[in-house]
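Contents: one structure, followed by commentary.
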Amino acid sequence: MSLSQNSDRTKLRNQLSAYEPMNQSEKAFRERMLFLLDHHDNCFERSLLHAHFTASAWIVNPEMTHCLLTHHAKLDRWLQLGGHADGDANLQNVCLKEVREESGLTDIRLFNGEIFDIDIHLIPERKGIPAHDHYDVRFLVIATLQEALQFNHEAKDMKWIELQEVHNLTEANDSIQRMVNKTLELSIINKT
């Protein structure tokens, strides 16, 4: 393992340890993530078949009134943008890379670089790849509504959604609703 990979793993461990879970589910996710990080050198690789880290972006406009969601082609669901780490332990970089690749957005920035949300979810078996868990670390990303979207083959559609409309579009996905709630709380704090 290279020095930078070791440094990125340590940074992630510190961020996860400092992360304040919103509920008991997130608390359990954090403990499982720390265990995976400490016990599997290849936890950022798809070769770890039962589980591996992914990074996602919860993208909002500066006013925090809208979020950007993608209609995922394989999963046929509206989700946040993100993807596999593919060996990169710097999940902030993975997050931003995925945003650029999946949406074409370039005028993007991390809100504060801290972990915004965590989730562990099952990915069903597909094309000989067994069902497995994604240990998803999510960062808050700021982008403008004005920049044109150029989504790729991974999406059926992509659009900015008002936060109040997300619930209906995502079929009350608990994970996404949790991020909506965190955004609404944060926008109130930012206005004061």
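The values are calculated or read from the model by the stated rules, or taken from the named source; none is laboratory data. On a predicted model such as this, the values are computed, not experimentally measured, just so you know. No Cβ is skipped: glycine too gets one built from the backbone with ideal geometry, and neighbour counts run over all protein chains shown.
Scanning region 9-28 for residues that are closer than 17 Å to Asn112 by Cα, out of contact with any helix residue (DSSP H, G or I) (no Cβ under 8 Å at 6 or more places or on another chain) and not polar (S, T, N, Q) gives Lys11, Ala18, Glu20.
Checked against the criterion of being within 19 Å of the chain's Cα centre (by Cα), of a type outside the set (A, V, I, L, M) and either assigned to a loop (DSSP other than H, G, I, E, B) or at pLDDT below 90 (or both), the candidates Phe151, Phe139 yield just one match: Phe151.
Only one of these is of a type outside the set (S, T, N, Q) and over 20 Å from Glu125 (Cβ atoms): His52, His84, His71. Name it.
From the options His52, His84, His71, the qualifying one is His71.
Is it true that some residue in region 42-52 is assigned to a strand (DSSP E or B) and under 21 Å from Asn152 (Cβ atoms)? No, region 42-52 contains no residue that is assigned to a strand (DSSP E or B) and under 21 Å from Asn152 (Cβ atoms).
Out of the residues in region 1-32 that are among the hydrophobic types (A, V, I, L, M, F, W, C) and part of a helix (DSSP H, G or I), state the one that is modelled with the lowest pLDDT.
We begin by selecting, within region 1-32, every residue among the hydrophobic types (A, V, I, L, M, F, W, C); these are 1, 3, 12, 16, 18, 22, 28-29.
Add one more test, that the residue is part of a helix (DSSP H, G or I), and what stays is 3, 12, 16, 18, 28-29.
Values: Leu3: 67, Leu12: 97, Leu16: 98, Ala18: 97, Ala28: 98, Phe29: 98.
Result: Leu3.
Candidates His71, His66: the one that is touching a Phe, Trp or Tyr at 6+ places or on another chain (Cβ under 6 Å), at pLDDT below 95 and not polar (S, T, N, Q) is His71.
Do we have any residue at all in region 40-58 that's touching a Pro at 6+ places or on another chain (Cβ under 9 Å), buried (at least 18 other Cβ atoms within 10 Å of the Cβ) and at pLDDT 95 or above?
First pass over region 40-58, keeping only residues touching a Pro at 6+ places or on another chain (Cβ under 9 Å): 49-50.
Filter again for buried (at least 18 other Cβ atoms within 10 Å of the Cβ), leaving none.
No, every residue in region 40-58 fails to be touching a Pro at 6+ places or on another chain (Cβ under 9 Å), buried (at least 18 other Cβ atoms within 10 Å of the Cβ) and at pLDDT 95 or above.
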